[in-house]
Amino acid sequence: MNNGDMSLLQVAVSLEEEIVSIRRHLHQYPELGFQEFITSAYVADYLEQLGLHVQRGIAGTGVVALLETGRPGPCIAVRADMDALPLQEQTGLPYASRHDGVMHACGHDGHMAMALGAARMLTGLERELAGTVKFIFQPAEEMLGGARHMIDAGVLESPRVDGIIGLHLWPDLPTGRFGVKAGTVMASMDHVDITIHGQSGHGAAPHQGVDAIIAAAHVLSVLQALVSRESDPADAVVLSMGSIHGGSLPNIIADRVEIRGTVRAVNTATRERMRTRVAELAGAVAAGLNARADVRYECGYPPTVNDARWILRAEEAVRELYGEEAVHHLAHSQMTSEDMAYYMEHVPGAFLLIGAGGEGRGRFPLHHPELAVDERALLYGAAYLAQFVRSYLRRTVGA
Ligand code: NI
């Protein structure tokens, strides 16, 4: 294919049907993290057919493909995630999930389709590029941090990646717009488990026991003060306790309560402070009531931080293709998290949200069993990825 005389957008339009059909195919066979066997085989086969140099089985099911121009230049990585969620799809669409209890409800099917579409577009443009494009298809973005495993497996080396780009489909934004944010675009995600230990006794004689439920109630309410009283109101932080279990009968003093939650922060310093203070405060409040709090804090994804120069390049690529109005400056960081953050701890990069909130089901949020992203977004995203790469690797004529 020779794309030299067509704009990338025209090429993308000509490939739209294919990109949508890739997405629909992948959507029907969703797989959970580190089990993306069918998915990664499909992705790897497609990239091989394009003539790329493909490595399979990285960090389990990961795939890396190199598009080598044969001319010296930088190496840019395009990242997509492959895993689905443990959800029963309820869209009723003809291409709905055929795997019971598993669904692409976070748009990762679309992320793969866009990256494969971009790979196809770029293979037609090799002659005007210098350097290397590295396509990274990673397993297990949801909770399991597949990105970290890919990095440990060396995907940012040989050739060394100079920068990385990626997208997340975003139903909250209208199709055709790109959510752009310099600095932190998504928050960190840590997990906290608190076990309150008291002492059992008869409900009629509370003074003879230590009530773990009363201690847990105080711990729960006072922890919110870390957000409302100790944090700068302009510095976003969330502490949500989503699970509490304890006690057995109404007339017995509970000796043990387990509380589990998630902590999100935009700033690394705030993240660290929360970690220290949750343990301190839970411990002190429980101790004040003669109970004991064991706090287990597990650090998850770091904040996803866009590089200042790379985010400008991203904006520029969006503008070149779709005009100024397609650039949507996000007013604040999202409190959701992304393991894209791990790559961007090592190399600069740009992670954008791509509008996919068309009519109808686009209004359902991510992780919803009725989510059906607006497929028109795929063409926009594929062309954007290709455009970014093309601008970055474009060689000076005659050089
Ligand atoms: Ni996702």
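Right, Gly57: in a loop (DSSP other than H, G, I, E, B) and out of contact with any strand residue (DSSP E or B) (no Cβ under 7 Å at 6 or more places or on another chain) or not?
Numbers: in a loop (DSSP other than H, G, I, E, B): no; out of contact with any strand residue (DSSP E or B) (no Cβ under 7 Å at 6 or more places or on another chain): yes.
Spelling it out, it is not the case that Gly57 is in a loop (DSSP other than H, G, I, E, B) and out of contact with any strand residue (DSSP E or B) (no Cβ under 7 Å at 6 or more places or on another chain).
When you go through Ala105, Ala65, Ala77 one by one, which is the residue that is in contact with a strand residue (DSSP E or B) (Cβ under 7 Å, 6 or more places away or on another chain), assigned to a loop (DSSP other than H, G, I, E, B) and surrounded by 17 or more Cβ atoms within 10 Å (Cβ to Cβ)?
Values: Ala65 fails: assigned to a loop (DSSP other than H, G, I, E, B); Ala77 fails: assigned to a loop (DSSP other than H, G, I, E, B).
Within the list Ala105, Ala65, Ala77, the selection yields Ala105.
Residues being of a type outside the set (A, V, I, L, M, F, W, C), within 16 Å of the ligand (Cβ to nearest atom), over 23 Å from Arg264 (Cα atoms) and not in a loop (DSSP other than H, G, I, E, B) are represented in the range 346-355 by at least one member. Can you say whether Gly362 is assigned to a loop (DSSP other than H, G, I, E, B), at pLDDT below 95, of a type outside the set (S, T, N, Q) and over 22 Å from Thr132 (Cα atoms), as far as the supplied structure shows? So Gly362 does not fit the description; no.
For residues in the range 74-103 being within 15 Å of the ligand (Cβ to nearest atom) and of a type outside the set (D, E, K, R), which is nearest to Tyr42 (Cα to Cα)? Of everything passing the filter in the range 74-103, Met82 is nearest to Tyr42 (Cα to Cα).
Restricting the search to the range 282-329, which residues are among the β-branched types (Val, Ile, Thr), more than 30 Å from Ile196 (Cβ to Cβ) and either in a helix (DSSP H, G or I) or more than 30 Å from the chain's Cα centre (by Cα) (or both)?
Step one: filter the range 282-329 for residues among the β-branched types (Val, Ile, Thr), giving 285, 295, 304-305, 311, 318, 327.
Those still in the list that are more than 30 Å from Ile196 (Cβ to Cβ) too: 304-305, 311, 318, 327.
Listed by number, the residues that qualify are Ile311, Val318.
Against the list (1) out of contact with any Ser or Thr (no Cβ under 7 Å at 6 or more places or on another chain); (2) part of a loop (DSSP other than H, G, I, E, B), the condition Ser221 fails is (2).
The values are calculated or read from the model by the stated rules, or taken from the named source; none is laboratory data. Computed from a prediction, not measured in an experiment: that's the story for all the values here. Heads up, the Cβs are rebuilt from the backbone with ideal geometry, glycines too, and the neighbour counts pull from every protein chain shown.
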